[in-house]
Structures are given as structure tokens and as C-alpha cells.
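Note sheet for the following structure.
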Amino acid sequence: MHSYSTPQTDCWLAARRDRFIIPEIDRSYLAYYLPTPPPFFRFVSGHFPSQTVTAPHSHPVHAMHGCLHEPLRLSTSAGDFDLDAGDFCLIAPGVEHYWLNYGPRTAATIAVLFHVNQPGRWPTRSGVARALRDLEQKVVGVQWFRSSGDHSLQHVFWRLADQLTGNAAHREIDVAGCLLTFLSVVLRKLDGSQAVAADNSIARRIRQVLMSRVNERLTIADVARHVHVSPTRAKSEFRKTYGCGIKTYFNQLKIWQAKRQLCDPNLTIEKISRQLGFSSPAYFTRAFLRHTGETPSDFRTKNCVGR
């Protein structure tokens, strides 16, 4: 498992042998929340500023905790998990855990609770109650998932993120549908191998470069030079692992950041374009339209006015 440790982090982790003497520096806060029907509860996104260490806690129900932006460590009584964007863990009831952000920037998370004993008023033929029984049987500790390189997991994970963080007024049925689809896909994965395959190390390092420098203009040659391989190998390894090109992935990261920034009325489209390293507002508009089906102005009008 990849580590992002620093000398300060190593001191914190040495202290975790006695979990309650970890120096708690909890500056985390709730950024987004959506109400959901049972069996889903507390569908939220949290932000964790640099150097945050949360208090150890556990849930009386199953939980999904995932990473949206910037690497985070989820430390649990079943082991430590370094989560990058798109990674998530399913955690069984009673498993103690806490978050550590030892990176230089604020990290974002996504979470939802599954109450297996409160399936809601779904019809028997919906399969919801059965799915919850399967979840209870298959997740008894902590199960780690990495969505990168897995199209079905990647699709449902980022659909959840868009529902939660898109700043749009979502219909309840859309939110419930995404959560049910997520549960279904995860259970299918659990029916197969329980092991999480390690990402190709070169591709993973490239991804970390893209995430950490999302506000810059990077060429493939720049990225390849940073991870000490040729541009041809960089492109090949990244596509083999993540299923898309480096430039496509980099632009997707920029568009996700742009969606958040467009809801800030103090930022003009020109300024957002410049901050995200696009060569011009016109190119930014074309890229945004290509990825989302609407222009930045249309997105701002529809999703962000009055928020």
C-alpha cells in the first residue's frame, strides 16, 4: 500500500499504538449533506484541512468512507488505509477509525451509512433487504476498494460524488437510485475476489502528479519527466491502468474543480479558467462543454445562482 508519510506523520503513527494519545487536531467540517431514504443515512461530504487528525470513533451500522480529493489516511482498528481520490472503504459496525490528513492541502471525503436492520419501505421484490443481508455477511471488518482501473466502480463512485457535491437540487429518486446502484455494484465486487489489486506504480505516480498540480499547465513530457520515464511509456502505462489518456484525465480533474469554483460568485469564468491553467477562457468553455454537455455559464445559472 502506498504511503505518503512525513516525519511529523511518522510521530503521529508511532503514537497510534495507544490510539487515544494521538494528538487530535480536528479542523474538519461538514461541506455537503443530502437527505436519503432508509436504509441510507448521513450521506455527506467532509473537508479535512491540512494536519487534521480526527477523534477515534465507530458507527453502530455499516459505513462507506471514501476520498474525493487529496490523499488521506483512514486509520482503523483493522489496519491503516491510504486513500487516493476514488478509493473507499466499507467499515463494519463497531470498527474504530479516524482520519489523518498529513498533506499540504484540504482533502475532501464522501460518506454514507447503511442500516441493515432498517431497510425502509422498499417492496420485497426490490431486493433491498436481501442486499443488506449480503452486506452484513460480507463486510465484517474493513474492505478496501480502489475505483481507478475499474470502470463500473469508478462510474458509480463519481456519480455519487456528483449527486452530493454538484450544488444542484437533486430529486430524491435520483439520489436513492445512485445509492442503490452503488450498493449493487459493490456487492457484485464482493462476490468476486476480496483482494484489491495494486495499481501500476508508474501510473499511480502520474496520477498523483496530476492531482497535486491540477491548477497548472502540464504537458505529457512534463509529467513523464517528473516520474522519470519516457512520454511514450507514461502514456501507455497510464492508459493501461486507468483506461483513458493522461490529458483526458487531467482535464476531468480540472472540470471537477471548475464545478466547485463556478458556485463562488466572486470568481469570474475568466479567473477560474486562469486559475485552472487553461490557455484561454474560450478553451476552458470548450473543454467544459465537452465533458459536461453545457457551458460554464449555463452550469452556473442552473446550479449555483442563489446558493
Problem - Per-region count, segment 225-248, residues without any contact (Cβ under 8 Å) to a residue 12 or more places away in the chain and either under 22 Å from the mean Cα position of the chain (by Cα) or buried (at least 18 other Cβ atoms within 10 Å of the Cβ) (or both) - result: 4
Handout entry: Residue count, segment 275-298 (criterion: β-branched (V, I, T) and either touching a residue at least 24 places away in the same chain (Cβ under 8 Å) or touching a Pro at 6+ places or on another chain (Cβ under 9 Å) (or both))
Key = 2
Problem - Candidate set: segment 111-152, residues that are polar (S, T, N, Q) and not in a loop (DSSP other than H, G, I, E, B); chosen: the one nearest to V44 (Cα to Cα) - result: Q143
Exercise for the section: Take A63 and decide whether it is at pLDDT 90 or above, under 18 Å from the mean Cα position of the chain (by Cα) and aliphatic (A, V, I, L, M). Expected result: yes
Completion exercise
Picking from N251, N266, the residue that is at pLDDT below 90 and surrounded by 15 or more Cβ atoms within 10 Å (Cβ to Cβ) would be N251
Practice task
Take R239 and decide whether it is under 22 Å from H69 (Cβ atoms), basic (K, R) and in a helix (DSSP H, G or I).
Solution key: no
Completion exercise
Among residues of segment 180-223 being small (G, A, S) and under 30 Å from F114 (Cα atoms), the residue modelled with the highest pLDDT is S184
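The values are calculated or read from the model by the stated rules, or taken from the named source; none is laboratory data. For clarity, every value in this text was computed on a predicted model and none was experimentally measured. Methodologically, a virtual Cβ is constructed for each residue, glycine included, from the backbone with ideal geometry; neighbour enumeration extends over all protein chains shown.
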